[in-house]
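What follows draws every value from the coordinates through simple rules; no lab data is involved. What you are looking at is a predicted structure, and each value in this text was computed from that prediction instead of being measured. Neighbour counts run over all protein chains shown; Cβ positions are idealised from the backbone, glycine included.
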Amino acid sequence: MSPTERPNESPHFRQDQPDAYDRAYGQAQGFSGVKPTTITAANLLGIGGVRSYIVQSYRVPEAGDAVFIQITGPEGLQRVHLPPAVTNVIARQRDSLTTLSRKRAGKARAAADKAAGILPGYKRPGTGKGKKP
């Protein structure tokens, strides 16, 4: 055992130098952020153990949002930093998924209305230009 190690100390906190997560987290402290949110999630039937996630986001001007995640589970503590480039991609993909699901729902609704004999709003009598209800 080296002189800098302590017998019962977690290996996660034995680092002499800050890691990339610590450096990024320190830099983000100057930006506006939200309070950390803790989520506890368990797989169905508890298989795989319970994990706790601590999520905190910061807004970096002209770059986007930086997200810091701490995951505590049976394996121990894992820390993840998602830089603005990654969170921007996640936001774009989420927007694309939302657009796709809305298009599919709209098409399904239009098909159901057509099968039920319901006319679309623009084809209903009395809804033309210049007419007020």
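Which length gain, in nm to one decimal place, applies between residue 22 and residue 59 when the Cα-Cα distance is subtracted from 0.36 nm times their residue separation?
My answer for the length gained is 11.6 nm.
Short version: ³J(HN,Hα) in whole Hz for each residue of region 97-110, in order, from phi by Karplus 6.51 cos²θ - 1.76 cosθ + 1.60 (θ = phi - 60°), x for Gly and Pro, what are they?
Each residue's phi maps through the Karplus curve to give 5, 4, 4, 4, 5, 5, 4, 4, 5, x, 5, 5, 5, 4 Hz.
Just want the ordering: 32, 52, from fewest to most Cβ atoms lying within 10 Å of their own Cβ.
Ranking 32, 52 by Cβ neighbours within 10 Å, fewest first, gives 32, 52.
Please sort 70-83, 97-110 by packing, taking for each peptide the average over its residues of neighbouring beta carbons within 10 angstrom, highest first.
Order by mean packing, descending: 70-83, 97-110.
Fewest Cβ neighbours within 10 Å first, please rank 60, 50 accordingly.
Details: 60 17, 50 12.
Arranged by neighbour count, lowest to highest, 60, 50 become 50, 60.
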